[in-house]
Amino acid sequence: MATLFLDLYGVLADSRAMEKAYNARMAAILHRRFGGSLDAWRELQQGSYEWYQAEGLRLDARPGPEREGEAWVEAVWRLSADQIAWMFTRAGVLVPGDPARYSEQLEEETVREIDALFEDVRPVLPRLKADGHRLFLSTNATRSNGESALIGGGVREWFDGLVYLENAQAKKDRAYYWRRAFEIAGVRPLQAVCVDDVSRFLEPASDLGARCVQLVRGDPPRQQGRFPVLTSLEALSHWLG
């Protein structure tokens, strides 16, 4: 039996479905709280999301050591706070005193009502548990996004633990992340199976000794890398035997 580290977006949840529902639901929440035009809030939310993505790419371009530890967590939280300020300033709404905390709470309220899971996830997770595997979420996202996505999909109960921004303190392209992940799960790398749709996020885990699987929904990549490629969570269940 293995300890499985399952990626969120691409493996468990459809990122495009989440983004569409996320932007619409958050705009509806803000419209209900502050009034104004719902269409205007939708436009602002979409604009702030695009701004956040662009700024996130700048964070990712930092030298590796600057993307690890408490400094990395603080940088991402500052970015979330700045996104709230960006949106609220343009809406003519007073920016909250603690915009980072406001962002966390708003994201929880938004994502916990969204089910963006792929169809095979709900039936396969209990089967993996019945086979004796331990399940851990493995994501670059914050806890408020990652855990809330599991709650929205109705599958939080199947997970033994979660690895996310605040406790991993790095992204998955860093060995730092995976060392923290294995510590959180209390498992040696040789006992772990890491599943992700992005091969570069698996490379540090593999270098530490974990078995890794690339799960690519739809057509598999024409050029396969160093990891076995599967196309569904159902296929993963069979691959594990």
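Could you tell me whether any residue of the range 210-227 is in contact with a strand residue (DSSP E or B) (Cβ under 8 Å, 6 or more places away or on another chain), in contact (Cβ under 8 Å) with a residue 12 or more places away in the chain, assigned to a helix (DSSP H, G or I) and under 30 Å from PRO123 (Cβ atoms)? Within the range 210-227, none of the residues are in contact with a strand residue (DSSP E or B) (Cβ under 8 Å, 6 or more places away or on another chain), in contact (Cβ under 8 Å) with a residue 12 or more places away in the chain, assigned to a helix (DSSP H, G or I) and under 30 Å from PRO123 (Cβ atoms). I'm trying to understand the selection: among the residues of the range 198-209, which are in contact (Cβ under 8 Å) with a residue 60 or more places away in the chain and part of a helix (DSSP H, G or I)? Across the range 198-209, the qualifying residues are PHE201, ALA205. Residue count for the range 1-53 under the criterion of being of a type in the set (Lys, Arg) and either part of a loop (DSSP other than H, G, I, E, B) or touching a residue at least 24 places away in the same chain (Cβ under 8 Å) (or both): the result is 1. Hey, any hits in the range 78-93 for a residue that's of a type in the set (Val, Ile, Thr), farther than 19 Å from ALA168 by Cα and surrounded by fewer than 16 Cβ atoms within 10 Å (Cβ to Cβ)? Looking through the range 78-93, at least one residue is of a type in the set (Val, Ile, Thr), farther than 19 Å from ALA168 by Cα and surrounded by fewer than 16 Cβ atoms within 10 Å (Cβ to Cβ). Of the helices (runs of 4 or more DSSP H) lying entirely inside the range 108-197, those containing at least 3 residues that are closer than 26 Å to GLU74 by Cβ and touching a helix residue (DSSP H, G or I) at 6+ places or on another chain (Cβ under 7 Å) span 143-153, 165-168, 175-185. When restricted to residues that are free of Cβ contacts under 8 Å to residues at least 40 places away in the same chain and either assigned to a helix (DSSP H, G or I) or assigned by TED's automatic domain parsing to the domain that holds TRP178 (or both), the range 54-76 contains 11. Would you confirm, using the coordinates I've provided, whether GLU203 is surrounded by fewer than 17 Cβ atoms within 10 Å (Cβ to Cβ) and either closer than 25 Å to SER15 by Cα or among the acidic types (Asp, Glu) (or both)? Answer is no for this residue.
Among residues that are assigned by TED's automatic domain parsing to the domain that holds GLN191, β-branched (Val, Ile, Thr) and modelled with pLDDT of 95 or more, VAL124 is included.
Counting only residues that are surrounded by fewer than 18 Cβ atoms within 10 Å (Cβ to Cβ) and among the hydrophobic types (A, V, I, L, M, F, W, C), the range 160-183 holds 1 of them.
The values are calculated or read from the model by the stated rules, or taken from the named source; none is laboratory data. For clarity, every value in this text was computed on a predicted model and none was experimentally measured. Quick reminder, even Gly has a Cβ in these numbers, built from the backbone with ideal geometry, and neighbours come from all protein chains shown.
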